[in-house]
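Undergrad: Quick one: the structure is below, questions incoming.
The values are calculated or read from the model by the stated rules, or taken from the named source; none is laboratory data. This structure is a prediction, so every number in the text was calculated from the model and none was measured. In this analysis, Cβ positions are derived from the backbone assuming ideal geometry, glycine residues included, and neighbour counts consider all displayed protein chains.
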Amino acid sequence: MRRLVMKKIIQATKAFFKKIWSVIDKYIITPITKIVLRFTGNYDKSGRTLENWLSKKNTLLFISLFIAVIVFIIVDQKIIVFSQSSAEVLKNQPVEVKYNEEAYVIEGIPETVDITIIGNATEIYIAKQSPSNGVKLDLSGLKPGNHKISLDYSQAIGSVDYTVNPAVANITIYQKISESRTLTTDILNQEKLDSKLTIKSVNIKDDQVVIKGAEKDIKKVANVKALIDINNFVKQEVGVMTVKDIPLKAYDEKGNVVDVEILPNKISADIELISSSKEVPIKVIPKGEVAFGYAISSITLSENSVVVYGTEEVLASLEYLPLEVDVDGITSDREYKLELTKPVGVKMLSVNNVSVSIKLSEEATKDIENVPIEYLNLDETKYNKPQALSKEDRMVTVSIKGVKSVIDKITADDIKAYIDLEGYKAGKYEVEVKVTGNDLKVQYVAKTKKVNVVITEK
């Protein structure tokens, strides 16, 4: 170490005197040489006068003395400059900490500090070139609790002064504990997945991990997630592929990351991609009522069905794709170009736009009697089947409006009358009657608006 320091000092000294000689050459020798040459040119015609003058002993002595004085002044000024104190800041110097990482968690130690070195220019230069031990903290002997620690900088050059910012760190040492947790998965950048593909399953060979940290941090952890990023898929096609080096993160109940150690910190998973699709009919649902005296005679679509891509669960529950058409107040046939809306969970449709043709005819009306009333959504585990108080409360007359050729074919079997009893408890109630029919071109209206029912507990 001493040899290395001496080598650095010698190198710095050589560099110092090299700079001094460069200054002397530039500002003294070169200018004087130019003056002498110019002076010689001016007097060359008068013979050898200048040569005779320079050959005199006293003249040479005078010139030598003059140059020596100038050199002394310059060198002295340089020494003064180099001897003056100055400072230089070394920013963002790392802090190296030594402690038992298996047993403790430490908070409050800065990752970096700023070090100000104070001394003359030569000392600072040498100090910067010399090896240092940096900022090191040995906390091996400290126990859990709060501690005030001085941050010291170890420099091989003892002639310089230094300050550390911050000079003191207030740290807290916690006992490290560990817990086992079950992994969950979180799929990132799902919009980057091929629209015709869905993730059927994610298979993690070992979904148990260990989290380590201070007790206060362990208590915050609500879940540990494996973050599966679509961008890391090597291919997007039907089949099973293995994704490696999936990072893990711990989160609290609010979704904030909790700084704890997770073992292992990365996992692999088998991802199964499938292409789930289903062809479903497009069902036009007229909204509003056409003008008085008119009825919808026909509804024609440019596409009667559409292929739907999505998860198997969504497709299983999807019977048709609804398409609302505003017919309120129309008095003549109408053509529509409408965009299909993807239901929740559906990723793609084979057709995005359709044309709808609505044709009108003269309206006709018809009453259908004795349509039975159904009772829906009553909790049958707690209550008996509701009882109607009279025949009028069990049956309802429905008035239908539409094109005569259509409504003539409609019977009571084509109409559903019901009351919704969701949330009702034991007691006597007057409930609104609702009616629907199979043909959406027809309007259905119950002539009896409300019926009376009695609900009893089992």
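Undergrad: Name the residue that is surrounded by the fewest Cβ atoms within 10 Å (Cβ to Cβ), counting only residues in the stretch 203-234 that are of a type in the set (V, I, T) and in a strand (DSSP E or B).
TA: V210
Undergrad: Does I285 satisfy the criteria of being under 21 Å from the mean Cα position of the chain (by Cα) and at negative phi?
TA: no
Undergrad: Just checking, how many residues over the stretch 100-137 are within 13 Å of I173 (Cβ to Cβ) and not aliphatic (A, V, I, L, M)?
TA: Step one: of the stretch 100-137, the residues within 13 Å of I173 (Cβ to Cβ) are 100-101, 103-109, 137.
This time we only want the ones that are not aliphatic (A, V, I, L, M), so: 100-101, 104, 107-108.
Total meeting the criteria: 5.
Undergrad: Moving on. Would you mind stating whether Y251 is among the aromatic types (F, W, Y), outside the structural domain of L321 (by TED's automatic domain parsing) and modelled with pLDDT of 90 or more?
TA: For Y251, the condition - among the aromatic types (F, W, Y), outside the structural domain of L321 (by TED's automatic domain parsing) and modelled with pLDDT of 90 or more - is met.
Undergrad: Counting only residues that are surrounded by fewer than 18 Cβ atoms within 10 Å (Cβ to Cβ) and among the acidic types (D, E), which one in the stretch 365-413 is nearest to K441 (Cα to Cα)?
TA: Across the stretch 365-413, the extreme among qualifying residues is D408.
Undergrad: Report, by residue number, each residue of the stretch 341-361 that is assigned to a loop (DSSP other than H, G, I, E, B), aliphatic (A, V, I, L, M) and more than 17 Å from E279 (Cβ to Cβ).
TA: Within the stretch 341-361, V344 is the sole residue that qualifies.
Undergrad: Among the residues of the stretch 353-362, is any at pLDDT 90 or above and more than 30 Å from D408 (Cβ to Cβ)?
TA: yes
Undergrad: Please pick out the residue among Q190, Q175 that is in contact with a helix residue (DSSP H, G or I) (Cβ under 8 Å, 6 or more places away or on another chain) and under 30 Å from G239 (Cα atoms).
TA: It is Q190.
Undergrad: Of all the residues that make up the stretch 330-340, how many are within 26 Å of D408 (Cβ to Cβ) and not in a strand (DSSP E or B)? Give the steps one after another, and end with the answer.
TA: At the first step, the residues of the stretch 330-340 found to be within 26 Å of D408 (Cβ to Cβ) are 330-334.
Checking which are not in a strand (DSSP E or B) leaves us with 330-333.
The total comes to 4.
Undergrad: Step by step: first the residues of the stretch 297-315, then only those that are β-branched (V, I, T) and over 10 Å from S355 (Cα atoms), then the one that is farthest from the chain's Cα centre (by Cα). Which residue is that? Step through it out loud before you land on a result.
TA: Taking the stretch 297-315 as the starting set, the residues that turn out to be β-branched (V, I, T) are 299-300, 306-308, 311, 314.
Still in the running and over 10 Å from S355 (Cα atoms): 299, 306-308, 311, 314.
Numbers: I299: 47, V306: 35, V307: 33, V308: 30, T311: 25, V314: 27 Å.
Applying the filter and picking the extreme gives I299.
Undergrad: So which residues in the stretch 311-340 are more than 21 Å from L273 (Cα to Cα), among the β-branched types (V, I, T) and touching a strand residue (DSSP E or B) at 6+ places or on another chain (Cβ under 6 Å)?
TA: V325, V327
Undergrad: Still on this structure: Check whether at least one residue in the stretch 364-377 is assigned by TED's automatic domain parsing to the domain that holds D439 and outside any strand (DSSP E or B), and report yes or no.
TA: Looking for residues that are assigned by TED's automatic domain parsing to the domain that holds D439 and outside any strand (DSSP E or B), one finds at least one in the stretch 364-377, hence yes.
Undergrad: So, in the stretch 417-458, of the ones that are among the aliphatic types (A, V, I, L, M) and part of a loop (DSSP other than H, G, I, E, B), which residue ends up surrounded by the fewest Cβ atoms within 10 Å (Cβ to Cβ)?
TA: If we take residues in the stretch 417-458 being among the aliphatic types (A, V, I, L, M) and part of a loop (DSSP other than H, G, I, E, B), then A426 is surrounded by the fewest Cβ atoms within 10 Å (Cβ to Cβ).
Undergrad: If you don't mind, there's one more thing I want to ask. Residue under question is E432, and the condition is that it be within 55 Å of the chain's Cα centre (by Cα) and more than 30 Å from I330 (Cα to Cα); does it hold?
TA: So E432 fails the test.
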